[in-house]
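See structure below.
Just so you know, all these numbers are worked out from the coordinates, no wet-lab data involved. Note that this is a predicted model, so its numbers are computed, not measured. Don't worry about glycine lacking a Cβ; one is built from the backbone with ideal geometry, like all the others, and counts go over all protein chains shown.
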Amino acid sequence: MNPLSQAIISGLISGTIYALIATGLIIAFQTTRIVNLAHGETYAIAGLVTAALAHAGTPLIVALLAGIVAATIFSMLIEIVLLRPRADWPVSSLILVSLAVAFLSRGALQLAFGTDAASFKRLFVGAPLRIGGGVIPLQGLWLIGIGLSAAFAVTQLLAHTRIGRQLQATAENPDAAQLLGVNVHLTRTFAFALAGLLGGLSALLLVPLVSVDYQAGLGMTLRGFIAASLAGMSPVGAILGGLGLGLAEALVTTFLGALAQDPVIFAVLIAVALWQSRHIRFGGSLRA
Amino acid sequence: MIRAAVLLGLLLSSSAFAAEPWKIGIIAPTTGPVSTVGTRQLSAVLWWAQDVNAKGGIHGRNIDIIHCNDEASPEKSVACTRDLIDRGVVLLLNASITGPILAAIPLLQNGPVMVTPSPNVMPQAASYVFQTSPSDLEMTKTIAAYVKASGAKEIAMIAATDASGEVGAANAAAVFPKEGIAYKLARIDLRSSDASIQLANVAESDAPLIYSNYSGGGAATVVKSYANFGLQQPFLVSYANISDSFINLIKDDMPKRLLSVGLKAVAADLVDDPAERAHLEYFAKSYQAWKHEPIDHLSILGLTMADFAAAVLENVADPSKSADVRGYVETHPIPSAGMLRFSAATHIGLSAESIAVLEYKRDHWAKAGPLK
């Protein structure tokens, strides 16, 4: 095997997942200005619900749909039940509320599904492909294809459709958007539903290759947030941010070792944050 | 009247004293990445307590198990140890993993006696710490002997970046080269969800055996990545992964040959001693009736701690005197899953004779056949 090729393949797989999570975070951020720290829970919920149902004998396709629906509903409930009634609260308080939701969700998942990791069968079964001295499972290939397509489709939805323009209008000035006939509440709920859908999709694509447990959510949120920050909280940049993060993690692990992964990634995050704050200080338009 | 009241008072106080339970502390991670390790061992200890209590306790005193969840964190392990000592436990059982256990040891300079089955913990003979498994070094030697006996000369190894992985990596370096076995080692972060890179680094030479020293449910990551690669070599998992929950987790990606190095007690046909066999059979049957789940290797590790505690409570006049407990344990073998033999020279209870390379065949663990 060629370690460089394998690092690129592994980086693309994890990077695609980070891109999906980052896109969901950014959509919610754009409509509410809140970094939803409970977003990664959609990944854990979809993975655990699907695994539990599949383990109980439910047909895989039904279990997958149930998982993605559960993640979507969870995300919508965050907006409807927790954020909407507190719309007048400071953004920083609402971010803390979302963090509380993440911990609450973690506890609820532990009670519901136990502490053991879980997984389920691959959707795409077949011999792994060998590319340039690296190996990629069929599920991994589809993961990259479906994941990047979904993330790209969302950027197109935001840029070229009526609902996309409503989302952007809500993000920029909710009062003005409402005056122009945009249902701000519905638009925000739609944004959170879409974010939940992407979080759930990422679990359905990745969990068969790895495993998931009740505490997987916050880790995913953190990775998604780093990718989103690298992208300057722009949906178009989320794909590049996610892939960049995934590739960086994989290359660092391959050539510097697993112990170097966190220090290098967080050093990059700090550097990006400093660079972005420089733009804010001098009147630039970027704001992470 | 006054005499009657005094007599009644004395009777009440003596019966209250007689009913005072033995306080046994247990530190077990029941949440976090190695929760399976803690949960299964804790269940075995709780089974023991209810079994003893149902029979009237030890010397008429019930067992009171006080659990503290350290979440496999060294900081929380220290807090748990302090709390349990403050609560007056006579013995401390530790079902956690290497780092948290090592963090607790400095607090036990004056007791109480602590017992753990973690093979990575090498207690000093002058300490109050006892270990009920063979050491990781013995296990590494067992793996080396198995590989050599199969005529192989290479191992691909993956170890975590935590304290357990450090011990595993150090023992591999001490044993494999000396035995003429070439090995390639890659480290993996405990939170990692993919081991492809590590496998790419170590398995490229088609080593005849892949050894994952990684403990806990996260080790499934390595098995999954192994399956993603379509690898075919026998795959050897760590001592802490011989559990039903781990098998359940990897059942869709089961390696063609899943091996481990573990206590012979987990494979019924490897237990020769009739008393030990009867003890294990009773444990398996009673535990199943109580918990409605079968025992596994982790349960047996929990049983070794329970047997240690039972021997101490039954035979040491005052178990709160740590020096007396140490003196007793160092001079009296304790029957359990194998005979625990401690001495003033070693606080490691089992030797290499009590372990074997095992293979998962038809839903149970049995002695492994040679590598092909």
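Of the two radii for chain B, the radius of gyration is 1.02 times the Kirkwood radius, both from the alpha carbons; that is the Rg over Rh value. The stretch A:216-269 and the stretch A:164-188 have Cα centres separated by 31 Å. Over chain A, Cα pairs under 8 Å with separation of 6+ residues give a relative contact order of 38 percent. Among A:PHE120, A:PHE103, sorting on how many other beta-carbon atoms sit within 10 Å of each Cβ, with the fewest leading, yields A:PHE103, A:PHE120. Taking the square roots of five times each eigenvalue of the Cα gyration tensor of the stretch B:84-238, the equivalent ellipsoid has semi-axes of 33, 18, 11 Å, listed largest first. Of all the C-alpha pairs in the stretch A:11-244, what % are more than 33 Å from each other? Distances greater than 33 Å cover 15 percent of the Cα pairs. Under a cut-off of 23 Å between alpha-carbon atoms, report the lysines in cross-link reach of B:LYS321, not counting same-chain residues fewer than 8 places apart. Candidates past the 8-residue exclusion: B:LYS23. Among the listed pairs B:LYS256/B:LYS285; B:LYS224/B:LYS251; B:LYS148/B:LYS367; B:LYS148/B:LYS372; B:LYS184/B:LYS361, those with a Cα-Cα distance over 21 Å are B:LYS256/B:LYS285; B:LYS184/B:LYS361.
Helices of chain B meeting both criteria, an alpha-carbon length of 24 angstrom or more along the long axis and an average Kyte-Doolittle score not below 0.0, with helices taken as full DSSP H segments, are B:2-19, B:35-54, B:297-315.
What whole number of Å gives the distance from the Cα centroid of the stretch B:38-80 to the Cα centroid of the stretch A:104-161? If we compute the Cα centre of each part, the gap is 40 Å. With distances taken between every two different alpha-carbon atoms, the stretch B:167-239 has a Kirkwood hydrodynamic radius of 12.7 Å.
Counted over the protein assembly as shown with a bin width of 20 Å, the fraction of Cα pairs per bin, in whole percents, is 18, 46, 28, 8, 1. Taking every DSSP helix (H) stretch of at least 4 residues in the protein assembly as shown, weighting each as -39,500 (n - 2.57) and dividing the sum by the residue count yields a mean residue ellipticity at 222 nm of -18000 deg cm²/dmol. Would you compute the Debye intensity of the stretch A:189-263 from its alpha-carbon atoms alone, equal scatterers and no solvent, and pass along log10 I(q)/I(0) at q = 0.12, 0.13, 0.22, 0.25 Å⁻¹ to two decimals? Scattering profile of the stretch A:189-263, log10 relative to I(0): -0.40, -0.46, -1.22, -1.35. For B:LYS178, a cut-off of 15 angstrom between C-alpha atoms picks up these aspartates and glutamates, skipping any fewer than 8 places away in its own chain: B:GLU138, B:GLU154.
Label positions at B:ALA125 and A:LYS121, each projected 7 Å from the Cα along the C-beta direction, are separated by 5.7 nm. Scaling the Cα radius of gyration of the stretch B:85-136 by the globular reference 2.2 N^0.38 Å produces a ratio of 1.05. Considering the stretch A:93-203, its Cα convex hull presents a mean projected area of 10.8 nm².
Counting every other Cβ atom within 10 Å of each residue's Cβ, B:THR98, A:THR189 order from fewest to most as A:THR189, B:THR98. Projecting the Cα atoms of B:SER225, B:ALA284, B:ILE65 onto the dipole axis of chain B, where Lys and Arg carry +1 and Asp and Glu carry -1 at the beta carbon, places B:ALA284 farthest toward the positive end.
With +1 assigned to the C-beta of every Lys and Arg and -1 to the C-beta of every Asp and Glu, and no other charges, what is the dipole magnitude of the stretch A:11-244 about the Cα centre in debye, to the nearest 20?
280
Remark: the stretch B:261-372 is approximated by an ellipsoid whose semi-axes, taken from the C-alpha gyration tensor as √(5λ), come to 28, 18, 10 Å, largest first.
Determine the equivalent ellipsoid of the stretch A:1-84 by diagonalising the alpha-carbon gyration tensor, then write out the semi-axes as square roots of 5 times the eigenvalues, largest first, rounded to whole Å.
Rounded to whole Å, the semi-axes are 27, 23, 8.
Kirkwood Rh over alpha-carbon pairs of the stretch B:110-193, then Stokes-Einstein at 4 °C and 1.567 mPa s: what D in µm² s⁻¹, rounded to an integer?
Translational D for this selection: 91 µm²/s.
Per-residue Cβ neighbour counts within 10 Å put A:MET233, A:MET220, B:MET122 in the sequence B:MET122, A:MET233, A:MET220, beginning with the fewest. Stretching B:GLU154 away from B:ASN62 to a fully extended chain increases their span by 27.9 nm, per 0.36 nm per residue minus the current alpha-carbon distance.
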